[in-house]
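A short write-up of the structure that comes next.
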Amino acid sequence: MTSPDNFVPGGPNTGWDDVGELADDLGRLGILGLLFGGFSGIGDLLGKFGQAFFGSSSSGLSGFLADLFGWRNQTESAISYVTQDLLDAKDIMVTEIITPMSDSLGGQDIPSFSRQLLVPRPIVTATANGGDGDGSGGQTGSHQHDIVYEPVSSLELPTYKPANRTVDLTFIRVDRKMTINRMKMITGRYSSGWLGGLAAWYMGVYIWDPQLQKLRLMWGSGDVKGTISSSEQEYRLVSPTTEEVSPGHLVAVAQLQRTTTLGSTRTIAAIPQAGIAQSGSEFPAGQCAYVSNLDTLPTEILPSALNYNHRILPWVAVSRA
C-alpha cells in the first residue's frame with residue numbers, strides 16, 4: 001500500500017518512484033540549471049574542472065585531458081626522484097663490512113676463524129725462588145714461579161694432518177654480499193710429507209644449495225701439489241669461475257690429498273676443538289666434515305655422505321678480488 005506522498009513502508013522515504021521523477025522534479029525546481037547552467041557542454045564542464053583542480057588556463061575536453069596527463073607525468077617524475085633519494089640514502093647508511101687484519105690479512109676475506117687464534121703452544125720452564133721460611137732451613141715460605149717462553153721460531157704451529165684420499169670440508173657462513181672468486185689456506189709445519197710421496201693435492205669451494213639439499217662444487221683447482229710447495233705459508237688460489245653470495249649463504253673450502261704408496265700427506269694450519277657434537281638435525285652438524293675414499297673432488301656431495309670431525313678446525317677463507 002502506498003501513502004498519498006508515495007511513501008513506501010520499509011523503503012527510503014524519498015517521495016519519488018524512480019530516477020525519472022527525481023530528474024523531473026530537479027528540472028522543475030531549477031536545481032540542475034543552478035548546478036550546470038554556467039557550462040556550455042561536457043567539454044566546458046571538464047575544462048572548468050581542470051582549471052580549478054590543476055590551476056590551468058586550458059579549456060574544453062582536450063585541455064582537461066592534457067592537464068590530466070601532465071599531472072600524471074609530474075607525479076611519476078616526483079616518485080622517481082623520491083625513489084632515487086631513498087636509494088642514495090641506503091648507500092650512505094649501509095657500511096661495507098671489512099675483515100679485521102687480526103682475522104685475515106685481506107679486507108674481503110671471510111675466514112673460518114680468526115687468524116690470531118693460530119697461537120703456538122709454548123714450552124715453559126718453571127724456576128722456584130724460595131722465600132723467607134720459618135728459620136728451620138726449609139723453603140716453606142712464599143715463592144715465585146717464572147714462566148720462560150722459548151724463542152718463537154722454535155714453537156710448533158698448530159696443525160692438522162689430513163688422511164689420505166679424504167675430502168676435508170671446512171664450512172664458512174657468509175656475512176656479506178660478494179662475488180667469491182678465490183680461496184685461501186695455510187700450510188702446516190715442515191714434516192716428512194714435504195719431502196715427497198704426494199701424488200696429488202686438490203683444493204676447491206663448495207656451495208650449499210638449499211633447494212636441492214646438497215653441496216655443489218663451484219670450483220676445483222686441479223692438482224696444486226707443485227704450487228702449494230712450502231710449509232707455514234699462506235696460499236691464495238684464484239678461481240676462473242665466480243659465485244654471487246649473500247649473508248647467510250653456506251660455503252665450504254675443500255682439500256684432498258693423494259699419496260704415493262710410501263708417501264705422506266702434508267699438514268695444514270688448524271686449531272683443536274672441544275669435540276662438541278650436534279644433537280639435532282641442523283645442517284651442517286659441525287664446521288669441519290670429511291668424506292673418505294675419494295681420488296678427486298666430487299661435483300656434488302649429499303649431507304648423508306658427510307662425517308664430522310669435532311676435534312679440529314682448519315684455517316681457510318673465501319674471498320674476492
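To keep it simple, each residue is scored yes or no on (1) in contact (Cβ under 8 Å) with a residue 12 or more places away in the chain; (2) touching a His at 6+ places or on another chain (Cβ under 9 Å); (3) surrounded by fewer than 20 Cβ atoms within 10 Å (Cβ to Cβ).
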| position | (1), (2), (3) |
| --- | --- |
| Ile271 | yes, no, yes |
| Gly275 | yes, yes, yes |
| Gly280 | no, no, yes |
| Ala289 | yes, no, no |
| Asn293 | yes, no, yes |
| Leu297 | yes, no, no |
| Val316 | yes, no, no |
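The residue that is farthest from Pro162 (Cα to Cα), counting only those in region 230-242 that are out of contact with any helix residue (DSSP H, G or I) (no Cβ under 8 Å at 6 or more places or on another chain) and open to solvent by less than 40 Å² (accessible area, probe 1.4 Å), is Ser239.
Being at pLDDT 70 or above, over 30 Å from Ile268 (Cβ atoms) and among the aliphatic types (A, V, I, L, M) is the filter; apply it to region 72-120 and report the residue that is nearest to the chain's Cα centre (by Cα). If we take residues in region 72-120 being at pLDDT 70 or above, over 30 Å from Ile268 (Cβ atoms) and among the aliphatic types (A, V, I, L, M), then Leu87 is nearest to the chain's Cα centre (by Cα).
For region 221-237, indicate whether the set of residues that are on the phi > 0 side of the Ramachandran plot, of a type in the set (Asp, Glu) and over 29 Å from the mean Cα position of the chain (by Cα) is non-empty. Yes, region 221-237 contains at least one residue that is on the phi > 0 side of the Ramachandran plot, of a type in the set (Asp, Glu) and over 29 Å from the mean Cα position of the chain (by Cα). Scanning region 233-258 for residues that are part of a strand (DSSP E or B) and closer than 12 Å to Ile172 by Cβ returns Val245, Leu250, Val251, Ala252, Val253, Ala254.
Of all residue pairs spaced 6 or more apart or on separate chains, those with beta-carbon atoms under 8 Å, a first member in region 166-182 that is crowded, with 17+ Cβ neighbours inside 10 Å and a second member that is of a type in the set (Phe, Trp, Tyr) and at pLDDT 95 or above are Thr166/Tyr290; Val167/Tyr290; Asp168/Tyr290; Leu169/Tyr206; Leu169/Tyr290. Tallying residues that are crowded, with 18+ Cβ neighbours inside 10 Å and acidic (Asp, Glu) within region 299-314 yields 0.
The values are calculated or read from the model by the stated rules, or taken from the named source; none is laboratory data. What you see is a predicted model; the values in this text were computed from it and never measured. Please note: Cβ atoms are built from the backbone with ideal geometry, for glycine as well, and neighbour counts cover all protein chains shown. These area figures cover heavy atoms from the full protein model, side chains too; ligands, DNA and RNA do not enter into them. Shrake-Rupley method; radii C 1.70, N 1.55, O 1.52, S 1.80 Å.
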